[in-house]
Amino acid sequence: MVSAANGEDALQKIKTRTIDLLLLDLMLPGMDGLQVSRKIKDNKKCRNIPIIMLTAHTGVEAYITTLSNEVFAYLQKPFETEELVRIVGAALARSGADPSLPGS
């Protein structure tokens, strides 16, 4: 597991590590999650990383915009842990990564 404090930090870490899946908050400081996801999808090396967008944002416009930018799933906070685990497993399976989670 790799964590990042903001979008720029995440983009830098993606350059130097193998990432199977990205949990990304829509409302990040500086560069928001949508901008980060666009940069990832524009990079040929990273374009197939599934992104799950997490947000406290309640607007329908953000939901539509996010999903139209090739984000695998959009979860509005608060959400159930079981829902996140199910979506992570589906995203990893679809991407060809190992969908088993550590400790499961």
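For first residues located in region 61-81 and assigned to a loop (DSSP other than H, G, I, E, B), partners that are among the aliphatic types (A, V, I, L, M) and at pLDDT 75 or above and lie 6+ apart or on another chain with Cβ distances below 6 Å form the pairs Val71/Ile51; Val71/Met53; Phe72/Ile51; Phe72/Ile52; Phe72/Ala91; Lys77/Ala56. Output the residue which, of all residues in region 1-29 that are out of contact with any strand residue (DSSP E or B) (no Cβ under 9 Å at 6 or more places or on another chain) and hydrophobic (A, V, I, L, M, F, W, C), is surrounded by the fewest Cβ atoms within 10 Å (Cβ to Cβ). By that ranking, first place goes to Met1.
From the list Thr65, Thr55, the one residue that fits, being within 17 Å of Ile87 (Cβ to Cβ), of a type in the set (S, T, N, Q) and surrounded by 13 or more Cβ atoms within 10 Å (Cβ to Cβ), is Thr55. Being in contact (Cβ under 8 Å) with a residue 12 or more places away in the chain, within 24 Å of Arg94 (Cα to Cα) and over 11 Å from the mean Cα position of the chain (by Cα) holds for only one residue in Leu34, Leu22, Leu11, Leu54, and it is Leu11.
Restricting to region 39-60, name every residue that is assigned to a strand (DSSP E or B) and not aliphatic (A, V, I, L, M).
Matches in region 39-60: Thr55 only.
The values are calculated or read from the model by the stated rules, or taken from the named source; none is laboratory data. Predicted, not measured: the structure shown is a model, and the values here were computed from it. Here Cβ is always computed from backbone atoms with ideal geometry, including for glycine, and neighbour counts include all displayed protein chains.
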